[in-house]
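Following: one structure in structure tokens, then a few remarks.
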Amino acid sequence: MSEQRSLRYWTLVPFVALCAGVIAFGQQFPLGEWFASLRQPPLAPPNWIFGVVWTPLYCMIAVAGWLLWERAANSWAMRWWFVQLGLNAAWSWIFFGLHRIDAALVEIVVLWLAIGATIASAWRPVRAAAGLLIPYWGWVAFAMVLNGWYWVLNR
């Protein structure tokens, strides 16, 4: 592997760090007594599933961002990637931090749309990045349904 090519992989580090930062931010808002007191939707998976699912998803989000940076840095796809990551972090704060199920539902719909915009705008310039985000988009769709159920059951 050439020195230039191996140096290129170091540009992945900031994207992993950004995703790790989102994870760390979200972990500031533990489930706690408030969440335990909520009526649970019938389709709610056990809590341990979320870590199992989110770990590879964040890895794919990081790689997708890195690919966009490498191949389409000054693109709408790259801008949308940053927007969706910020919205991803905000949801944990709104739902678990503020205990605002209603506002979190609105926010997760916007997040889902932002992920869709990222995928759509990345499809032509960096199809691999778009493809890496599709499982994330699907999981957020499921989380959106769960959020809706929490709102219906606990208002």
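List of remarks:
- Selected residue (only one of Phe25, Phe35 is within 19 Å of Leu111 (Cβ to Cβ) and surrounded by 11 or more Cβ atoms within 10 Å (Cβ to Cβ)): Phe25
- Residues located in segment 98-136, provided they are aromatic (Phe, Trp, Tyr) and surrounded by 17 or more Cβ atoms within 10 Å (Cβ to Cβ): Trp112, Tyr136
- Selection over segment 31-88 of residues that are of a type in the set (Val, Ile, Thr) and either part of a loop (DSSP other than H, G, I, E, B) or closer than 17 Å to Val13 by Cβ (or both) gives a count of 2.
- Phe82 being of a type in the set (A, V, I, L, M, F, W, C), at pLDDT 95 or above, surrounded by fewer than 17 Cβ atoms within 10 Å (Cβ to Cβ) and under 14 Å from the mean Cα position of the chain (by Cα): yes
- Set Trp34, Trp48: member being at pLDDT 95 or above and within 23 Å of Asn154 (Cβ to Cβ): Trp34
- Qualifying positions in segment 5-28 - more than 21 Å from Glu70 (Cβ to Cβ) and either at pLDDT 95 or above or outside any loop (DSSP other than H, G, I, E, B) (or both): Ile23, Ala24, Phe25, Gly26, Gln28
- Filtered by the rule that a residue be in a helix (DSSP H, G or I) and more than 13 Å from the chain's Cα centre (by Cα), segment 100-118 gives Ile101, Asp102, Ala103, Ala104, Leu105, Val106, Ala117.
- Whichever residue in segment 38-47 is closer than 16 Å to Phe96 by Cβ and either of a type in the set (Ser, Thr, Tyr) or under 20 Å from the mean Cα position of the chain (by Cα) (or both) and, among such residues, is surrounded by the fewest Cβ atoms within 10 Å (Cβ to Cβ): Asn47
The values are calculated or read from the model by the stated rules, or taken from the named source; none is laboratory data. Small disclaimer: the values here were computed from a predicted structure and weren't measured. Neighbour counts are summed over all protein chains in view; Cβ atoms, including those assigned to glycine, are modelled from backbone coordinates with ideal geometry.
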